[in-house]
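Novice: Would you mind keeping the following structure in view while I ask a few things?
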Amino acid sequence: MKPLTKAEEQIMHALWKLDKAFLREIVDATPNPKPHQNTVATLLKILVEKEFVDIEVLGRQHRYFPLLSKQEYS
């Protein structure tokens with residue numbers, strides 16, 4: 001398992017809290033100062049490549065969900 005950067009970990013914490021979420025919901029769940037939506041989208045893409053997150057396609061929207069629980073990561 002590849003280690004996560006601090007920014008990636010922040011996104012994972014938001015996803016663990018939400019379980020399944022759209023990009024906007026993930027941005028809203030991150031602590032202040034909020035990262036830009038494009039930054040979060042890029043981090044989610046990296047997390048998908050690292051196999052920490054997967055995508056559920058709903059029409060034109062993507063809903064993200066963690067493949068790894070917080071306990072498994074710890």
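Novice: Anyone know which of 46, 26, 11 comes out most mobile in the 10 Å Cα GNM of the chain?
Specialist: Looking only at 46, 26, 11, the biggest GNM fluctuation is shown by 46.
Novice: Which value, in Å², gives the accessible area per residue of the chain when a 1.4 Å probe is used on the protein heavy atoms?
Specialist: 67 Å²
Novice: When the accessible area of the chain is computed with all protein chains present and a 1.4 Å probe, what percentage of it is carbon and sulfur?
Specialist: 51 percent
Novice: I would also like to ask the following. By how many nm would the segment from residue 56 to residue 72 lengthen if fully extended, with 0.36 nm per residue of separation less the alpha-carbon distance?
Specialist: Roughly 3.6 nm would be gained on extension.
Novice: Same structure, new question: Quick one: net charge of residue 50's neighbours, Cβ under 13 Å, K/R +1, D/E -1?
Specialist: Residues near residue 50 contribute -3 overall.
Novice: Can you give the local net charge around residue 2? Use residues other than it whose beta-carbon is closer than 13 angstrom to its beta-carbon, Lys and Arg +1, Asp and Glu -1.
Specialist: -3
Novice: For the chain, would you read off the P(r) tail past 15 Å as a percentage of all alpha carbon pairs?
Specialist: Result for the distance tail: 47 percent.
The values are calculated or read from the model by the stated rules, or taken from the named source; none is laboratory data. Computed from a predicted model, the values in this text were never measured in an experiment. Heads up, the Cβs are rebuilt from the backbone with ideal geometry, glycines too, and the neighbour counts pull from every protein chain shown. Quick note on the areas: whole protein, heavy atoms, side chains included, nothing else; ligands and nucleic acids left out. Shrake-Rupley method; radii C 1.70, N 1.55, O 1.52, S 1.80 Å.
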